[in-house]
Amino acid sequence: MGLHFMGKATSTPLLFQSKLLCFSLFYLFTSLFLALYTTLSQSQCLFRSSPFDPIHTPLFSYPPAYGEHKYAIPTHRSTCSSPVFFSDYWTVLKEIQDLCKNSLLASPVLTYMQGQADSFGGNFSTQKRFSYFDNENSSVEVPCGFLKKFPIRNYDQAAMENCKGVVVVSAIFNDHDKIRQPRGLGSKTLDNVCFFMFVDDITLKGLDYHKIISRKSGEYKIGAWRIVRVSSKDLYGNPAMNGVIPKYLVHRLFPNSKFSIWIDAKLQLMVDPLLLIHTLVVSEKADIAISKHPYYVHTMEEAMATARWKKWWDVDSLKTQMETYCENGLQPWSSKKLPYSSDVPDSALILRKHELGNNLFSCLLFNEMEAFNPRDQLAFAYVRDHMRPKLKINMFEVEVFEQVAVEYRHNLKKRTGATSSGEHKTKRTKRARADLLYVNGSCCSRCQKYLLDMWGESQ
């Protein structure tokens, strides 16, 4: 049938008169596009786009001087051993909403130790800390931080307690990173997920310097993130240890949340958090989901790298920590530890279900970090292997981690005049007194068997 326009008759091209032909052409071009994308993709992992209706507009406009997106670290994975596919956004949203509503009928909860101490964890002795590892059929109060008041404002604490579903948590202490907005959020995600960023005074001062916030206002919001000021007074001397507080005591800070995602401030989340929780935790029936370390499998490998690359200044204390664990039963990873596929995680991204097992794990791990250092990978396997009840952990592959988050370098240059009485100063490396295999020049240290087993040299 011809169409009349401006008195002239036009006709639909014959090519488009067949619906079947049009559909076939559409299918062909779509298939070619997906095949090309898969071929050129670095990891060849096909991840479904976050939701079908992502928020397209930026959540916040940064001043150019802030340099929000500088220095992204490239990835070089060429294979994908475990591609991840996300379910339909609306199905996921409803399922997680139902899980959060029905979680009041979940498993028993921990009872936390109350009191006052000079530190958040109480600085208990080794044997005292280890005595809390077995919590099966136990009503014993567990030390889990906040034996000293966490210095935040009352209205921030009220907002945290009012978060009753999924919470995404991050922290910047000592102005070490930049605030980065999550991407790929569904249209209902900000109504169902809380985003909280903890910062200290020096970081807040930097945000004010760049005119991202005004310190004159009481409550701070930057895009998706609610900014929580943590007073530098009475915190740990080391900024990394201060970051451990929201990282591992998230279930205490957000007592009514049912799921949480911890994301290091060096990362930018690229996938909707509801999809991540559903795919990596709920569908796997896991207590916790965390990436494997890209290089190390054994705890001692991570300990040696920590000393070699000066990730912790006191090498002697690293030796003491490892020997303490070896003496009390730390073993290198082997197939006997399956389904735990590694002893070393990359803990920059942690997804949790807030129930007894995972909460206990977080409490125990926090206590070990306060006792030794904030390098959480060093205590990870020891706590996991010795605690009761046992955890179900989804240790996903590194390429999955690289698809759901983009990593950036830390801030290298400090703003002029950015000093604080509580600012951590780099300490000179304190070397260990003796080799891990020998004590006072003679064989053998408490980690000798561990090392021989790890190297495959035991008889």
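The values are calculated or read from the model by the stated rules, or taken from the named source; none is laboratory data. Since the model is a prediction, treat every value here as computed from it, not as a measurement. Cβ placement follows ideal geometry from the backbone for every residue including glycine, while neighbour counts extend to all protein chains displayed. For accessibility, only protein heavy atoms count, side chains too; no ligands or nucleic acids. Shrake-Rupley method; radii C 1.70, N 1.55, O 1.52, S 1.80 Å.
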Original post:
For the range 143-251, treating each Cα as an identical point scatterer without solvent, what Debye log10 I(q)/I(0) comes out at q = 0.13, 0.16 1/Å?
Top reply: -0.49, -0.74
**OP:** Determine the per residue accessible area of the range 187-343 with all protein chains present and a 1.4 angstrom probe, expressed in square angstrom.
**Re:** 37 Å²
Subject >> Linear extension gain, residue 111 paired with residue 320, 0.36 nm per residue minus alpha-carbon span >> reply: 72.2 nm
**OP:** With r as the distance between the Cβ atoms of residue 386 and residue 455 and R0 = 25 Å, compute the FRET efficiency 1/(1 + (r/R0)^6) and round to 0.05.
**Re:** 0.60
Original post:
Of all accessible surface on the range 313-420 at a 1.4 Å probe, what whole percent is carbon and sulfur?
Top reply: 49 percent
Subject >> Three-way shape call for the range 120-168 based on the alpha-carbon gyration tensor, with the a/c threshold at 1.5 >> reply: oblate
Original post:
Percent of accessible area on the range 207-253 owned by carbon and sulfur, 1.4 Å probe?
Top reply: 45 percent
Original post:
Short version: ³J(HN,Hα) in whole Hz for each residue of the range 161-172, in order, from phi by Karplus 6.51 cos²θ - 1.76 cosθ + 1.60 (θ = phi - 60°), x for Gly and Pro, what are they?
Top reply: 5, 7, 7, 10, x, 10, 10, 10, 10, 8, 7, 10
Original post:
Does the range 325-420 come out rounded, prolate or oblate, given a ≥ b ≥ c as the square roots of the eigenvalues of its C-alpha gyration tensor, rounded meaning a/c under 1.5 and, failing that, prolate meaning a/b above b/c?
Top reply: prolate
Subject >> Among the listed pairs 247/310; 188/390; 149/205, those beyond 25 Å (Cα-Cα) >> reply: 188/390
**OP:** Could you list which residues have their amide H under 5 Å from that of residue 174, counting only those 5 or more apart in sequence or on another chain, with H placed in the peptide plane?
**Re:** 200, 202, 203
Original post:
Just the accessible area per residue of the range 140-182, please: how many Å² with a 1.4 Å probe?
Top reply: 34 Å²
